[in-house]
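Chemist: One structure, as structure tokens, below. Some questions next.
The values are calculated or read from the model by the stated rules, or taken from the named source; none is laboratory data. As the structure is a prediction and not an experimental result, all values here were calculated from the model. Neighbour counts are summed over all protein chains in view; Cβ atoms, including those assigned to glycine, are modelled from backbone coordinates with ideal geometry. Accessible surface areas use protein heavy atoms only, side chains included; no ligands, DNA or RNA. Shrake-Rupley method; radii C 1.70, N 1.55, O 1.52, S 1.80 Å.
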Amino acid sequence: MAYLKIDHVGIAFQRAGATTEVLRDVNLSIEKSEYVSIIGHSGCGKSTVLNIVAGLLEPSQGGVLLEGRAVSGPGPDRAVVFQNHSLLPWLTVRENVELAVNKVFRGKRSKAERRDWTRHNLELVHMAHAENKRPHEISGGMKQRVGIARALAMEPKILLLDEPFGALDALTRAHLQDQVMEIHGRLGNTIIMITHDVDEAVLLSDRIVMMTNGPAATIGEDLRVDLERPRRRLELVGNTTYNDARAAVLEFLYARHRAPTLAA
Amino acid sequence: MVHSARVVALPNLKTAPPAQQAVLHPLAPKPVSVLSRVVRIGTGIVTQLAPPVLTIAFLLILWQMLASSPTSALPSPMRVIGESWEIIVDPFKVGNGIDQGLFWHVTASLVRVAYGYTLAAIVGIGVGVLLGQSTLAMRGLDPVFQVLRTIPPLAWLPLSLAAFRDGQPSAIFVIFITSVWPILINTSVGIRNIPQDYRNVAKVLRLSPIEFFTRIMVPATVPHMFTGLRIGIGLSWLAIVAAEMLIGGVGIGFFIWDAWNSSLISDIIVALVYVGVVGFVLDRSIAAIGHLLTRGTAAQ
């Protein structure tokens with residue numbers, strides 16, 4: 001029995017009388033502690049998959065099972081790290097995490113425990129030093145780290161990362177990828193990450209799920225990345241498994257399923 | 001600010017060779033910082049105050065020159081002070097009927113504004129929230145509001161006099177109907193503009209409707225709300241002066257109209273100064289409250 005099962009999911013949107021089928025027959029099983037990336041060209045519907053797992057979108061067909069139970073509606077057991085951090089600008093870094101902690105653990109943990117837990121999660125992403133700053137006072141990378149801390153603090157069964165490093169510069173992105181790898185190694189979270197960055201997908205994932213182009217996009221290929229953990233980006237340069245995985249994904253994206261606009 | 005700090009620091013840098021500078025710095029930081037702070041505050045005050053003071057002086061001189069000819073229709077500043085000395089020095093005068101000091105006239109106007117504006121704020125924010133949250137309410141009410149809000153304030157006055165049969169509630173109604181639209185429309189726009197991301201965060205956290213209202217909707221909308229409240233207070237003050245000219249009684253608007261009927265042009269000018277200053281203070285007060293409530297994220 002898979003930990004998370006996306007079962008024959010399809011979704012169609014109706015706009016101005018026309019129906020657009022975005023996803024068709026998406027099937028995916030994820031084991032506990034697995035790190036799965038979903039990669040594809042922009043507009044293929046990979047974020048839609050994530051939003052369906054999060055419960056922010058209702059699929060037209062099929063459904064999502066988490067630990068054998070059908071998922072309906074959003075909830076803190078499937079925490080999302082949004083692409084543009086989505087911190088509330090009127091709250092401090094600590095208050096942003098606290099909002100989640102208090103909501104999820106009120107009645108289950110004492111006030112002091114909740115405060116320690118907030119602090120602990122900020123320390124996990126190395127942001128405890130800025131806990132009293134407001135989002136506009138910290139850099140984009142730091143905001144994203146707080147977004148990750150907020151998601152981790154909910155103790156989700158599955159962590160959903162929606163292009164979490166997409167808006168960051170290359171150096172900050174690498175730094176954050178390392179931190180996420182370290183946290184995943186330490187806590188063994190189950191993670192689904194949406195990305196369009198091939199290197200990022202190969203470096204971080206146990207499995208890379210490649211999506212075909214829409215409309216009616218589906219999973220084209222499911223590639224296992226058998227690389228030892230902990231992984232270090234420098235040591236992977238020249239590694240055959242790494243290079244083969246990278247080549248396979250590139251081949252899928254640029255030879256067999258070119259972006260529709262580029263193919264025309 | 002930065003410039004003044006540099007002016008103080010530069011002589012030090014010039015006299016001290018680079019090698020000595022490192023030694024000098026920790027030894028004598030206090031006198032330098034105190035001196036530079038005094039100079040900085042001093043230059044700050046001068047650079048802040050000098051431009052407006054000079055501008056006002058220039059305008060007064062220009063006015064004096066333009067209006068000093070004996071055939072001039074309007075009085076010069078010196079003549080205004082001379083002719084209206086009585087009302088300038090005694091704003092707290094208590095007399096019979098409408099023969100009151102300017103302070104009491106302004107107070108009477110402010111009381112009317114307070115009633116009308118408070119009502120407008122409550123109704124405007126309430127209906128604005130409804131319009132922002134419900135697409136159905138928006139579709140139904142928006143066209144009506146878009147037409148109503150273009151009606152000039154004074155056009156409402158005869159109708160409200162007919163309805164209330166009294167000057168006081170009619171004036172308050174005119175204030176209300178003038179200032180409610182910007183408050184209402186800005187509030188609803190603020191709520192519509194709450195980023196989808198914040199709504200998604202609320203959904204993932206499963207915030208209750210009340211939690212969503214207090215933790216997300218109010219803080220996200222307050223800056224917009226205060227834009228509307230600020231436009232609203234300005235419009236109220238514009239409308240009250242005009243409305244009072246027509247309804248009579250104690251109030252700065254009727255004071256101006258009465259002065260015109262008595263050909264006391266200097267009194268009108270003194271009253272206009274009051275109207276301007278009070279309007280300015282009202283605008284800044286609402287801006288300051290908004291600044292305080294949004295912890296500085298609202299536009300100044």
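Chemist: Report, for the protein assembly as shown, the % of DSSP beta bridges that are antiparallel, rounded to 5.
Modeler: Working: 21 of 40 bridges.
In the protein assembly as shown, approximately 50 percent of DSSP beta bridges are antiparallel ones.
Chemist: If the only charges are +1 at each Lys and Arg Cβ and -1 at each Asp and Glu Cβ, what is the size of the charge dipole of the protein assembly as shown around the Cα centre, to the nearest 20 debye? Intermediate results must be reported in sequence, preceding the final value.
Modeler: Values: 52 positive and 44 negative charges, 184 e Å.
The calculation lands at about 880 debye.
Chemist: Related question: Looking at the range A:180-264, which GluC sites (Glu not before Pro) are in a loop (DSSP not H, G, I, E or B) and have at most 12 other Cβ atoms within 10 Å? Provide the component values of the computation, followed by the final result.
Modeler: Working: sites: A:182, A:200, A:221, A:228, A:235, A:251; in loops: A:228, A:235.
Sparse-neighbourhood loop GluC sites (Glu not before Pro): A:228, A:235.
Chemist: Using 7 Å Cα-to-Cβ label points, what is the residue A:133/residue A:237 separation (nm, one decimal)?
Modeler: 3.0 nm
Chemist: Apply the a/c threshold of 1.5 to the C-alpha gyration tensor of chain B and tell me whether it is rounded, prolate or oblate.
Modeler: Details: a/c = 3.00, a/b = 1.13, b/c = 2.66.
Taking the square roots of the gyration eigenvalues as a ≥ b ≥ c, chain B is oblate.
Chemist: If Lys and Arg each add +1 and Asp and Glu each add -1, what is the summed charge of the other residues whose beta carbon sits under 12 Å from the beta carbon of residue B:84? Don't skip to the end; give the middle numbers.
Modeler: Details: positive: B:79; negative: B:83, B:86, B:90, B:267.
Overall, the nearby charge balance is -3.
Chemist: Let me ask something else about it. What is the percent carbon and sulfur in the accessible area of the protein assembly as shown, measuring with a 1.4 Å probe over the protein chains and ignoring ligands?
Modeler: Working: 18470 of 29380 Å².
Here it works out to 63 percent.
Chemist: Report the gain in length on full extension from residue A:29 to residue A:69: 0.36 nm times residue separation, minus Cα-Cα distance, nm rounded to one decimal.
Modeler: Details: separation 40, 0.36 × 40 = 14.40 nm, distance 1.36 nm.
Value of the extension gain: 13.0 nm.
Chemist: What percent does the relative contact order of chain B come to when contacts are Cα pairs within less than 8 Å and at least six residues apart?
Modeler: Values: 307 pairs, mean separation 58.5, N = 300.
Relative CO of chain B lands at 20 percent.
Chemist: A further question follows. Between residue B:134 and residue A:247, what is the FRET efficiency for a Förster distance of 56 Å, r being their Cβ-Cβ separation, to the nearest 0.05?
Modeler: Details: r = 54 Å, r/R0 = 0.96.
That gives a FRET efficiency of 0.55.
Chemist: Using Cα pairs under 8 angstrom and six or more residues apart, how large is the relative contact order of the range A:16-84, in percent?
Modeler: Working: 37 pairs, mean separation 15.2, N = 69.
The value is 22 percent.
Chemist: Classify the range B:176-300 as rounded, prolate or oblate from the Cα gyration tensor: take a ≥ b ≥ c as the square roots of its eigenvalues, call it rounded if a/c is under 1.5, otherwise prolate when a/b beats b/c and oblate if not. Please list the in-between numbers first.
Modeler: Details: a/c = 4.78, a/b = 3.05, b/c = 1.57.
Prolate is the answer for the range B:176-300, as a/c is 1.5 or above and a/b outweighs b/c.
Chemist: Just in the range B:191-277: which trypsin sites (Lys or Arg not before Pro) are loop by DSSP and have at most 16 other Cβ atoms within 10 Å?
Modeler: On the way: sites: B:192, B:199, B:203, B:206, B:215, B:230; in loops: B:206.
Of the trypsin sites (Lys or Arg not before Pro), the ones in loops of the range B:191-277 whose Cβ has at most 16 other Cβ atoms within 10 Å are B:206.
Chemist: In a shell of Cβ-Cβ distance under 9 Å around residue A:66, excluding residue A:66 itself, what net charge do Lys and Arg (+1) and Asp and Glu (-1) give? Mind dumping the intermediate values first?
Modeler: Numbers: positive: A:5, A:69, A:78, A:157; negative: A:67, A:77.
That works out to +2.
Chemist: Next question, about the same structure. Averaged over its residues, how many other protein chain Cβ atoms are within 10 Å of peptide B:203-215's Cβ atoms?
Modeler: Numbers: counts 7, 20, 11, 6, 2, 1, 0, 0, 2, 0, 0, 0, 6.
Across B:203-215, the average partner-chain Cβ count within 10 Å equals 4.
Chemist: In chain B, which whole DSSP H runs stretch at least 18 Å along their own axis (Cα) and average -0.5 or higher on the Kyte-Doolittle scale? Mind showing how you got there, number by number?
Modeler: Working: long enough: B:2-15 (20 Å, 0.40); B:29-66 (55 Å, 1.22); B:102-133 (45 Å, 1.38); B:135-148 (19 Å, 0.86); B:167-192 (38 Å, 1.18); B:218-247 (41 Å, 1.36); B:265-293 (42 Å, 1.80).
TM-like helix candidates: B:2-15, B:29-66, B:102-133, B:135-148, B:167-192, B:218-247, B:265-293.
Chemist: Ok, one more. Counting other C-beta atoms within 10 Å, and keeping those with at most 15, which DSSP coil trypsin sites (Lys or Arg not before Pro) do you find in the range A:1-43?
Modeler: Values: sites: A:5, A:15, A:24, A:32; in loops: A:32.
Here the sparse-neighbourhood loop sites are A:32.
Chemist: For the range A:76-113 and the range B:143-176, what is the separation of their C-alpha centers, rounded to whole Å?
Modeler: Centre-to-centre distance over Cα atoms comes out at 48 Å.
Chemist: Add +1 for every Lys or Arg and -1 for every Asp or Glu among the other residues with Cβ under 13 Å from the Cβ of residue B:183, and state the total.
Modeler: Working: positive: B:149, B:230; negative: none.
Net charge around residue B:183: +2.
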